[in-house]
């Protein structure tokens, strides 16, 4: 087999951000639910070559202390790449038209998708890689690589040592947190398949969830609570809340719904990417109807209110402010008008915003009149104001 067809396609240092940004605006991208790939002589040889390549790069990282971070970052970027057509045909047995194991996959798949499946189906093949990652445990990107390659393996193998299981499961949560934040910062859902597996195949399956320690179960649910809006899996919230593990401080913070809202509120305070913030606000209305403690409701209300005013500490854009107002008025209709009056009063304390505010007010007023006239002339046609926030 040609070595050039076996090697990963890219080695990245400073351009890691661009690897994921090239998938721009994937918030609506379908989940890459990778089915079991076809096991053929060619695919087995290909996976063996991929494993050797990862092994080689990890050995280089161990041997070179000065270049260790760059080498691990390059390896992480490599396994996060989308599988090219040539490799895809080998993995899915398309090169052999007579193969009975032919698998059809319409959605994009990445190297970490197929490698995670490979290591979960053949755990022995992943042991050499795992040993090397453990030696690099404290290095940047080591937990990222572990989470991508072994997030399925961890729930398919039996580990005798409780300490080792705790170490691996904790590394999985930490690594998953890191890669999900890359999606936040680049406004993509490149790692949606990892999140989907942890939610649908672990958190919602008690038999698999119990394979990891209770403390890690709790950490995993907190992690999933923070990113469930990002990956458009809000339809799983009801089942998600029913499977929440017990928390020792539940008598202080409340039940699963309270914990979910607290984590989401904290997450919103950390988000700085406008499209991602708007995406969260478009889903946050789904929280209506949850039974929350007064302290939790106040916390969410304060969080939303902090995005409704220009300036510090959040410095939200106009689109974010409008989206926050919409969510706040929808979830907490009581006191809506007093809030807007108080907000208007505080806006007077920022005179440098007056010109732009007046301009947008006049523009919105003209647009409202224009669309009102159009609706009267063409009553059967539905017009939508361009300044309205789209959820």
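The values are calculated or read from the model by the stated rules, or taken from the named source; none is laboratory data. Because the structure is predicted, anything quoted here is derived from the model rather than measured. Ideal geometry is used to build each Cβ from the backbone, glycine not excepted, and the neighbour counts take in all protein chains shown.
For every residue, the table says whether it meets (1) modelled with pLDDT under 95; (2) crowded, with 16+ Cβ neighbours inside 10 Å; (3) more than 20 Å from residue 179 (Cβ to Cβ).
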| residue | (1), (2), (3) |
| --- | --- |
| 48 | yes, no, yes |
| 58 | no, yes, no |
| 66 | yes, no, yes |
| 85 | yes, no, yes |
| 89 | yes, no, yes |
| 102 | yes, no, yes |
| 107 | yes, no, no |
| 113 | yes, yes, no |
| 117 | yes, yes, no |
For region 372-391, what are the residues that are under 29 Å from residue 278 (Cβ atoms) and at pLDDT below 75? 381, 382, 383, 384, 385, 386, 387, 388, 389, 390, 391
Mind telling me which of the residues 28, 4, 14 ends up being at pLDDT below 50, out of contact with any helix residue (DSSP H, G or I) (no Cβ under 8 Å at 6 or more places or on another chain) and not in a loop (DSSP other than H, G, I, E, B)? 4
Please go through region 151-165 and pick out each residue that is within 16 Å of residue 223 (Cβ to Cβ) and assigned to a helix (DSSP H, G or I). 154, 155
What about residue 290, is it assigned to a loop (DSSP other than H, G, I, E, B) and crowded, with 16+ Cβ neighbours inside 10 Å? yes
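Looking at this structure, is residue 222 surrounded by fewer than 20 Cβ atoms within 10 Å (Cβ to Cβ), assigned by TED's automatic domain parsing to the domain that holds residue 81, within 24 Å of residue 298 (Cα to Cα) and touching a helix residue (DSSP H, G or I) at 6+ places or on another chain (Cβ under 6 Å)? So that I can check it myself, show each step before the final result.
Values: surrounded by fewer than 20 Cβ atoms within 10 Å (Cβ to Cβ): yes; assigned by TED's automatic domain parsing to the domain that holds residue 81: yes; within 24 Å of residue 298 (Cα to Cα): yes; touching a helix residue (DSSP H, G or I) at 6+ places or on another chain (Cβ under 6 Å): yes.
Here the answer is yes, as residue 222 does meet what is asked.
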On the given criteria, is residue 210 under 9 Å from the mean Cα position of the chain (by Cα) and farther than 17 Å from residue 143 by Cβ? no
Among (1) without any contact (Cβ under 8 Å) to a residue 24 or more places away in the chain; (2) under 19 Å from residue 174 (Cα atoms), the one test that residue 263 misses: (1)
